[in-house]
Structures are given as structure tokens and as C-alpha cells.
Amino acid sequence: MSTNITKLKSGKGTPPHADVAPDVIADDTRPEKAELRPLQVRIPKTVFEEFSERAGREFGFTHGSKKQLFLKIWEAYKAQNTKA
């Protein structure tokens, strides 16, 4: 019994050559990552739900929306307190 390997040589389904694929690491245009630290607070459930709703409406109901809202509030707070 012999195996027919002619179909394997057709080139279909083979991955692109390494030199053709873009270097996504070198092309990374994202800003430099800052070290992240957790900020944990305990707040009433109603406040959490209101905050979550506001974050979702403003930044989309996706992962990270509460963080984005917190950072927006923090920047507004700093701007308000540096003008005094």
C-alpha cells in the first residue's frame, strides 16, 4: 500500500512565508504602556449600578468602560483644582 502525496505539493493551505508576514511587534503604534495598579473601593450597590450605567452609555458597554469613566472624572477633577 503506497500513499499518494501529490496533493500535498499543491501549495493550498500552506502558511505565508515568514518574510511576507508583517512584523506586528515593530509596527506597534500604541502609546507606551504605563504600570497599572488596582484601585479598590467599596461603594453602595446603587452607586455602582449608576456608575456602570453611565460608563456604558458614555464609552460603550464593553470591558474597560468604568476605567475610562473614572479616568475622565479624575482628569476633570485635576483640571478644576489646578485653576484655583
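Annotations for the structure displayed:
- The residue that is modelled with the highest pLDDT, among those in the range 7-59 that are of a type in the set (S, T, N, Q) and more than 14 Å from Phe70 (Cα to Cα), is Thr46.
- When restricted to residues that are on the phi > 0 side of the Ramachandran plot and aliphatic (A, V, I, L, M), the range 23-64 contains 0.
- Where a residue in the range 33-44 is assigned to a loop (DSSP other than H, G, I, E, B) and its partner, wherever it lies, is surrounded by 10 or more Cβ atoms within 10 Å (Cβ to Cβ), with Cβ under 8 Å and at least six apart: Leu39/Phe70; Ile43/Phe51
The values are calculated or read from the model by the stated rules, or taken from the named source; none is laboratory data. Note that the structure is predicted; figures quoted are calculated from it, not measured. No Cβ is skipped: glycine too gets one built from the backbone with ideal geometry, and neighbour counts run over all protein chains shown.
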